[in-house]
2 protein chains.
Amino acid sequence: MQKILAIANLVKDWQIDDIKDLASNYQVKMADQLTDADFPNIEIQYGWNADLAEKYAANGYDSLRWIQVQFAGINQLPKEIVTDEKIQITNMSGIHAIPIAETVFGYILNYYRSLHIYKAREEKQHWEYAQHMSLPGKKMVVFGAGNVGKEIARIGQAFGLETVGVNTSGRDVDYFDQTVKTADGFEKVTDANIIVNVLPETAATKNVFDAAYFSRQEKKPLFINVGRGSAIVDQDLIEAIDKGDIDYASLDVFREEPLPADHPFWAHDKIDVTPHMTGQVEHFAIETYKIFQANLTAYTKDGDLSVNVVSKEKGY
Amino acid sequence: MQKILAIANLVKDWQIDDIKDLASNYQVKMADQLTDADFPNIEIQYGWNADLAEKYAANGYDSLRWIQVQFAGINQLPKEIVTDEKIQITNMSGIHAIPIAETVFGYILNYYRSLHIYKAREEKQHWEYAQHMSLPGKKMVVFGAGNVGKEIARIGQAFGLETVGVNTSGRDVDYFDQTVKTADGFEKVTDANIIVNVLPETAATKNVFDAAYFSRQEKKPLFINVGRGSAIVDQDLIEAIDKGDIDYASLDVFREEPLPADHPFWAHDKIDVTPHMTGQVEHFAIETYKIFQANLTAYTKDGDLSVNVVSKEKGY
């Protein structure tokens with residue numbers, strides 16, 4: 001029986017034609033055309049969502065060998081699939097780097113130049129200076145020095161920031177003036193003016209930004225979370241801001257999404273809440289397809305994948 | 001009689017001591033210590049304000065030879081002083097380049113990533129995507145390719161923007177992929193995604209952004225004015241936004257400042273109003289003093305000035 005390539009990502013018509021050409025030995029089906037009986041025959045899955053997860057769970061995935069997810073992490077995938085050695089996973093890490101960096105600098109410049117404050121004052125025709133700061137010479141520490149962290153550091157250097165990257169090994173990474181190992185990043189870098197978390201969710205990155213971490217900060221920094229919500233102890237962050245350990249926070253990711261209406265982050269006047277949008281790509285169908293196409297070309301040639309292969313061990 | 005060096009800029013105590021050392025032949029006085037009889041004896045004026053302008057007008061300025069203003073332009077100085085060939089003028093052009101560029105990219109990223117929209121939604125705990133765009137490949141045209149325009153272009157290139165500079169001669173300038181002459185900038189560059197005006201006020205730069213200019217735009221651009229308010233025909237800009245020739249405007253400078261409470265810019269939902277703050281420098285007394293100190297060192301040596309000398313002919 002012919003194996004299936006199932007598409008659950010946004011695609012253009014020309015991309016479907018291109019996929020059919022590249023994967024001529026496969027039956028190409030859109031996710032909404034899949035029957036229950038199809039699931040055990042799907043070998044390649046392009047794109048992922050909660051509905052598919054349920055159907056795979058109900059109908060099995062005996063033939064599944066490769067999932068190309070349309071997001072940067074993999075924590076939206078079921079654990080049994082992530083741990084299944086037969087299934088390779090590729091993600092869209094990198095594609096989100098540019099919009100995430102743009103959004104991070106939007107947060108930073110809003111804060112440094114008081115732009116949200118001025119926006120709020122327009123309603124009352126209120127003409128008065130707020131606080132103005134500038135970036136040259138300030139220190140930014142980025143937790144996670146992969147594609148996304150590197151792009152944030154690159155823009156940071158253009159703005160004259162001193163950039164410190166945190167990664168597992170402490171190895172050098174382009175655009176970081178300095179890199180440190182994870183434990184040192186949390187415990188020894190205590191003089192940052194701007195803290196940016198881009199760490200993916202793993203067992204090691206939960207609840208890492210807690211009262212102890214915040215209380216070590218000496219410069220009343222701006223704290224930005226565009227990694228995962230579980231990295232922060234929510235109540236500890238609020239207390240750190242109220243105590244003055246942290247001056248302001250811009251948060252895009254949360255433990256529960258959408259952020260519940262009664263969560264105190266919404267109403268706090270020193271917290272920005274955005275709806276997990278930093279990585280949103282302007283031409284999504286085109287940008288994501290470049291990565292899938294590169295992998296599909298390699299996979300149909302010899303079964304290997306060429307870009308953004310997720311390590312089962314590391315989880316990213 | 002000993003000539004006077006008068007200080008009307010923000011200064012630190014150590015800077016006053018340093019000035020007294022450098023200008024040992026002068027009597028150094030703070031502006032609020034000046035008597036009416038002092039004015040005809042002032043040779044060097046550091047800093048300028050409306051109060052001083054009145055007192056010079058009333059008491060004369062026979063000895064005045066050099067004014068170091070603390071702003072980027074010179075249009076706050078009385079015309080008779082600007083046109084007086086005996087008086088040299090230096091400004092703070094350059095010092096404002098970094099904060100202006102930071103603010104301009106704050107405006108741009110707010111617009112491209114919808115951050116003001118998300119901020120406004122926090123009050124209603126409203127979690128929903130707005131529009132997201134990215135900068136690589138977009139075209140930014142900057143009217144005025146001096147220190148400030150160049151810094152905006154430098155950051156623009158780091159974000160992947162195509163940068164077009166407009167200056168009088170069309171000569172090449174660093175960080176601009178292309179430069180064009182003034183007339184061509186207004187008439188032929190009609191496909192920009194982002195328009196930034198940093199032109200100083202001169203006879204040639206009044207009312208230049210009018211209905212005819214706006215109607216030529218093909219890409220519904222973001223329009224940013226951090227030059228002078230008189231460059232824009234206010235009503236034409238509002239009509240251009242309402243018609244869709246311009247998508248959004250971020251304005252920091254206005255014909256009348258503070259912007260009058262009944263001006264329609266305040267309430268327009270596609271216009272940002274900020275209180276002429278883009279150039280506000282974080283450590284103003286320190287950053288401005290570097291320029292004054294360099295000039296004072298040169299002036300007391302041989303009467304020449306070394307940096308940021310304003311051309312009487314060009315007016316900047």
For A:ILE98, all conditions in the list (1) touching a Pro at 6+ places or on another chain (Cβ under 9 Å); (2) more than 14 Å from chain B (Cβ to nearest Cβ); (3) among the β-branched types (Val, Ile, Thr) hold save one; what is the number of the exception? (2)
Determine, yes or no, whether A:HIS132 is surrounded by fewer than 18 Cβ atoms within 10 Å (Cβ to Cβ), more than 23 Å from A:VAL310 (Cβ to Cβ), at the interface with another protein chain (Cβ under 9 Å from one of its Cβ atoms) and out of contact with any helix residue (DSSP H, G or I) (no Cβ under 6 Å at 6 or more places or on another chain). no
For residues that are free of Cβ contacts under 8 Å to residues at least 12 places away in the same chain and either assigned to a helix (DSSP H, G or I) or not charged (D, E, K, R) (or both), scanning just region A:254-285, find the one that is surrounded by the fewest Cβ atoms within 10 Å (Cβ to Cβ). A:ALA261
Count of residues meeting criterion [of a type in the set (A, V, I, L, M, F, W, C) and either within 14 Å of another protein chain (Cβ to nearest Cβ) or under 17 Å from B:LEU135 (Cα atoms) (or both)] in region A:80-95: 1
Is at least one residue of region B:264-271 more than 20 Å from A:ILE117 (Cβ to Cβ) and at pLDDT 95 or above? yes
Please tell me if A:LYS243 is touching a Gly at 6+ places or on another chain (Cβ under 8 Å), modelled with pLDDT of 95 or more, more than 30 Å from A:LYS312 (Cα to Cα) and among the charged types (D, E, K, R). no
Residue list for region B:184-205, restricted to those being modelled with pLDDT of 95 or more and farther than 24 Å from B:MET133 by Cβ: B:ASP184, B:PHE186, B:GLU187, B:LYS188
B:MET140 is checked against (1) under 26 Å from the mean Cα position of the chain (by Cα); (2) surrounded by fewer than 22 Cβ atoms within 10 Å (Cβ to Cβ); (3) hydrophobic (A, V, I, L, M, F, W, C) and fails just one. What number does that condition carry? (2)
Enumeration of residues in region A:58-105 that are among the basic types (Lys, Arg) and either under 18 Å from A:LEU199 (Cβ atoms) or part of a loop (DSSP other than H, G, I, E, B) (or both): A:ARG65, A:LYS86
Among A:LYS139, A:LYS181, the single one that is out of contact with any strand residue (DSSP E or B) (no Cβ under 7 Å at 6 or more places or on another chain), more than 12 Å from chain B (Cβ to nearest Cβ) and farther than 24 Å from A:VAL307 by Cβ is A:LYS181
In region A:1-40, what count of residues is obtained for those that are in a helix (DSSP H, G or I), over 20 Å from A:LEU305 (Cα atoms) and within 31 Å of the chain's Cα centre (by Cα)? 8
Criterion first (touching a residue at least 40 places away in the same chain (Cβ under 8 Å) and facing chain B (nearest Cβ under 7 Å)) does A:PHE105 satisfy it? yes
Tell me yes or no: at least one residue of region B:7-26 is closer than 23 Å to B:LYS312 by Cβ and touching a residue at least 12 places away in the same chain (Cβ under 8 Å). yes
Matching residues, region B:154-181, being in contact with a Phe, Trp or Tyr (Cβ under 8 Å, 6 or more places away or on another chain) and either more than 16 Å from A:GLU102 (Cα to Cα) or not hydrophobic (A, V, I, L, M, F, W, C) (or both): B:ARG154, B:GLY156, B:GLN157, B:THR163, B:VAL164, B:GLY165, B:VAL166
Determine whether region A:121-131 contains at least one residue that is part of a helix (DSSP H, G or I) and more than 20 Å from the chain's Cα centre (by Cα). yes
If a residue counts only when it is in contact with a Cys (Cβ under 8 Å, 6 or more places away or on another chain) and among the acidic types (Asp, Glu), which strands (runs of 3 or more DSSP E) contained entirely in region A:164-237 have at least 3 such residues? none
Determine whether A:ILE246 is in a helix (DSSP H, G or I) and either more than 9 Å from every other protein chain (Cβ to nearest Cβ) or of a type in the set (Phe, Trp, Tyr) (or both). no
Say whether the condition of being within 14 Å of chain B (Cβ to nearest Cβ), on the phi > 0 side of the Ramachandran plot and either at pLDDT below 95 or touching an Asp or Glu at 6+ places or on another chain (Cβ under 7 Å) (or both) is met by at least one residue in region A:220-234. no
Going by the conditions given, is A:THR288 touching a residue at least 60 places away in the same chain (Cβ under 8 Å), more than 11 Å from every other protein chain (Cβ to nearest Cβ) and closer than 30 Å to A:ASP18 by Cα? yes
Of B:ILE89, B:ILE100, which residue is under 30 Å from B:GLN27 (Cβ atoms), crowded, with 19+ Cβ neighbours inside 10 Å and touching a residue at least 24 places away in the same chain (Cβ under 8 Å)? B:ILE89
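Residues checked against (1) more than 10 Å from chain A (Cβ to nearest Cβ); (2) surrounded by fewer than 19 Cβ atoms within 10 Å (Cβ to Cβ); (3) touching a strand residue (DSSP E or B) at 6+ places or on another chain (Cβ under 7 Å):
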site: B:ASN110; (1), (2), (3): no, no, no
site: B:ALA120; (1), (2), (3): no, yes, no
site: B:GLU151; (1), (2), (3): yes, no, no
site: B:ARG154; (1), (2), (3): no, yes, no
site: B:PHE159; (1), (2), (3): no, no, no
site: B:THR163; (1), (2), (3): yes, no, yes
site: B:ARG171; (1), (2), (3): yes, yes, yes
At pLDDT 95 or above and under 20 Å from the mean Cα position of the chain (by Cα): is that true of A:TYR175 in this structure? yes
Quick check on this structure: which one of B:LEU251, B:LEU296 is without any contact (Cβ under 8 Å) to a residue 60 or more places away in the chain, more than 8 Å from chain A (Cβ to nearest Cβ) and buried (at least 22 other Cβ atoms within 10 Å of the Cβ)? B:LEU251
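The values are calculated or read from the model by the stated rules, or taken from the named source; none is laboratory data. Here the structure is a predicted model, which is why all the values come from computation and not from measurement. Positions of Cβ are generated from backbone atoms using ideal geometry, with glycine treated the same way; all protein chains shown enter the neighbour counts.
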